[in-house]
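What follows is a set of notes on a single structure, which appears directly below.
The values are calculated or read from the model by the stated rules, or taken from the named source; none is laboratory data. As the structure is a computational prediction, the values presented were derived from the model and not from experiment. Reconstructed Cβ throughout: ideal geometry from the backbone, glycine too, with neighbour counts over all protein chains shown.
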Amino acid sequence: MNGMCRYALRFLVLFLLVASCVSADQDAVITYRKIFKGSVPEFTEIKVTQSGKCTFDIRQLSEEADPQPFEIGDALRLKIFALAGDLNDFRGADLDVHRRIANLGDKTFRYEKGSEVHETTFNYTTNPSASQLYQIFEGLTRQQEHILVLQRRMRYDRLGLNEALMTFETDYDRKLIPEPERLLPVLEQIANDNRIVDIARERARSIAARIRGAK
């Protein structure tokens, strides 16, 4: 390789590295945060990036922050960003009803892209786009909680699995879970584990079959 080719190659590598850094810096992020002292959980934070990287942190306020990666489908991610766009990416948004109602927890929507940051906090809103976005994030919270509970019961309380499955099935029937197919791996684990009581294994199979049939 002659000197000119080596120079061109080094320039190309440097260009790709810079482009990668710039792209990462400009990746838009939408954050949903809910703080509700005295509830379980007290703290929820879900981050969704335009490139598809997502994290969730569901815990009590006294616990250490521990964001974990998770996945959502492209259609749901695009819907989240479309709804945020309907709200002008929360720029100057005042979503609260400003009426005397019960404390339902402080909910915050936040948009970040590079140095651009907009956020709004509300207790309760009647804005259609904001309400739909809130329901999506609350659904994702429920979805991740169900996964965590089922995984924990498999490990420490197998006799409690059937109750946990019934709770999930109720939320599934009420269409509160945005992407129920995300629970298929843990449902299959339960269904195929001979250490688990038959009633829980059968329920896991039944729910999994319903989810697959609904696709």
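Brief remarks on what is shown
- Residue within region 36-59 that is surrounded by 16 or more Cβ atoms within 10 Å (Cβ to Cβ), touching a Gly at 6+ places or on another chain (Cβ under 6 Å) and modelled with pLDDT of 95 or more present: yes
- Cβ-Cβ contacts under 6 Å between residues 6 or more apart (or on different chains), taken from a first residue in region 88-116 that is assigned to a loop (DSSP other than H, G, I, E, B) to a second residue that is among the basic types (Lys, Arg), are listed as Gly105/Lys34.
- Of all residues in region 61-80, none are on the phi > 0 side of the Ramachandran plot, modelled with pLDDT of 95 or more and not in a loop (DSSP other than H, G, I, E, B).
- Among the residues of region 160-199, those that are among the aliphatic types (A, V, I, L, M), touching a residue at least 24 places away in the same chain (Cβ under 8 Å), surrounded by 18 or more Cβ atoms within 10 Å (Cβ to Cβ) and closer than 14 Å to Val149 by Cα comprise Leu161, Leu165, Leu183, Val186, Leu187, Ile190.
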